[in-house]
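One structure is given below, encoded as structure tokens.
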Amino acid sequence: MLLAICGRYNCGVTENWGFSGPDPELYERIADLDRDDKISLLAAAEAYSNAYQAMKLAVIAELGDSDSVAKEVALELHYGARQAEGQVSLARDLARRLPSTFEAMKRGALDPYRASKVADQTAVLTDEQAREVDARVAEKITTRDATSVRRLVNRTVARVDPDGHARRCQERKRSRSVQLCHENEGMATLYAYLPAEIAATIYTRVDRVARRLRGRGEERTLDELRADVFSDLCLGVAGEVEAPRAEVFVYLDFLTWTGLRNEPAELAGHGPIPAQLAREIAANATIRRVITDPMTGTPIDVGRHRYRPSAATKELVQVRDRECRVPGCHRPVQACDLDHVEPWAQGGNTHSTNLCGLCRRDHRLKDEPGWQHRMTGTGTLEITTPAGRTYRSQPEPLTTAA
């Protein structure tokens, strides 16, 4: 039925290049569709939108290189100057440097926002390097959210241009700053632009202390506690704010750690960092050996049969997952719950193959009617929604498969 509806009411372009939108009757019939067909229609509408956005960008790219193109686009589409300039820049990048990403848009599999993440992160590369990154990531980005796309592209940029990536990271450090922005009703925002490893360490420490205080009958929300702990640390207030050393997770292979090669490493929650910076962090860190499957690059673990996981199992799951396992959620796993995918009360064991990190919101959502979670033997989390759709979450491998 859905295909018939889409075929009958498909939007298009009229003979005089005017736009022909969906027949109003389609809107009236949406309420009569079952949940699965509504989700299918949602996906179809997105695909049509993406394809037409690709057409728009293709037209912009063909308007030429004149500086006046952005102004002409702004006037015709009622864009502001900044928005028009961004569209012109994206159109030119897709047409000239990122052909595979552009093809994904044309077939409706990628929206302009995610495509812009590829363009933004490859802007520092030569045309040849940009095309190499484009070819490597194009088939992977269509099923990822924008944050995951940005991280994947950054990781690939670091591998295609490791020396340039290291140089740019060093140059960025010289831009570190703190800024104060006054807001309304007696509030202000304090911005700190810092190296990622420093910022991650500060946040992890603040979050850990805030969570510890929350378990003592506190009426303040977790956000309020974080703000107060951060303020106390900055102002040097003694007492409850002092906490154990904060943790950051850095992933680097053995040969890079020993200096025999310079593969980019990864800082959990951030993305790729230069090999030298990773070695500097590791020099003052606790090193944990993680054995990975040589074919898949995933960690290998032996669990224990009790409700609360052992320290080793907990660490292994955190290392494997890195973030909340629900697609689109990027909360660091150290701030998540470790959930039994098959509930303990229903026979689920306490093993890495039945444990995954879920943020508190997604942990609660799992218990809502119609939601089902299942973990495969390879660590893939399968999430089935009330519409009967199944989505899969697979952590990035710690090492590149052989």
Exercise. What are the pairs, 6+ residues apart or on separate chains, where a residue within the stretch 370-396 that is touching a residue at least 12 places away in the same chain (Cβ under 8 Å) has its Cβ under 6 Å from a residue that is among the charged types (D, E, K, R) and assigned to a strand (DSSP E or B)?
Worked result: Arg374/Glu382; Thr380/Arg392; Arg392/Glu382
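Does Val237 satisfy the condition of being under 19 Å from Gln334 (Cα atoms) and either surrounded by 13 or more Cβ atoms within 10 Å (Cβ to Cβ) or modelled with pLDDT of 80 or more (or both)? Walk me through how you get there before you give the answer.
Numbers: under 19 Å from Gln334 (Cα atoms): no; either surrounded by 13 or more Cβ atoms within 10 Å (Cβ to Cβ) or modelled with pLDDT of 80 or more (or both): yes.
In short, no.
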Problem set entry | Hits in the stretch 332-362 - residues which are surrounded by fewer than 18 Cβ atoms within 10 Å (Cβ to Cβ), modelled with pLDDT of 85 or more and not in a strand (DSSP E or B) | Glu342, Arg360, Arg361
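Conditions tested, residue by residue: (1) touching a helix residue (DSSP H, G or I) at 6+ places or on another chain (Cβ under 9 Å); (2) hydroxyl-bearing (Ser, Thr, Tyr); (3) surrounded by 15 or more Cβ atoms within 10 Å (Cβ to Cβ); (4) within 21 Å of Arg150 (Cβ to Cβ).
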{"position": "Gly80", "(1), (2), (3), (4)": "yes, no, no, no"}
{"position": "Glu85", "(1), (2), (3), (4)": "yes, no, yes, yes"}
{"position": "Leu90", "(1), (2), (3), (4)": "yes, no, yes, yes"}
{"position": "Thr101", "(1), (2), (3), (4)": "yes, yes, yes, yes"}
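Could you list all residues from the stretch 167-217 that are of a type in the set (Asp, Glu) and surrounded by 14 or more Cβ atoms within 10 Å (Cβ to Cβ)? Show your work before the answer.
Our first condition is that a residue be of a type in the set (Asp, Glu); within the stretch 167-217, this holds for 171, 183, 185, 197, 207.
The answer is Glu197, Asp207.
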Problem set entry | Residue, farthest from Arg389 (Cα to Cα), within the stretch 1-35, restricted to residues that are out of contact with any Phe, Trp or Tyr (no Cβ under 9 Å at 6 or more places or on another chain), surrounded by 13 or more Cβ atoms within 10 Å (Cβ to Cβ) and modelled with pLDDT of 65 or more | Leu33
Exercise. If we scan the stretch 56-75, do we find a residue that is more than 26 Å from Arg150 (Cβ to Cβ) and either among the basic types (Lys, Arg) or not assigned by TED's automatic domain parsing to the domain that holds Ile141 (or both)?
Worked result: yes
Problem set entry | Unique residue being modelled with pLDDT of 95 or more and either aliphatic (A, V, I, L, M) or closer than 27 Å to Arg392 by Cα (or both) when the list is Lys56, Lys106, Lys38, Lys140 | Lys106
Problem set entry | Every pair of residues 6+ apart whose Cβ atoms lie under 8 Å, when the first sits in the stretch 105-121 and is within 17 Å of Arg92 (Cβ to Cβ) while the second is at pLDDT 95 or above and outside any helix (DSSP H, G or I) | Met105/Asp111; Ala115/Leu98; Val118/Leu98; Ala119/Arg97; Ala119/Leu98
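The values are calculated or read from the model by the stated rules, or taken from the named source; none is laboratory data. Only a predicted model underlies this, so the values are computations on that prediction, with no experimental measurement involved. Heads up, the Cβs are rebuilt from the backbone with ideal geometry, glycines too, and the neighbour counts pull from every protein chain shown.
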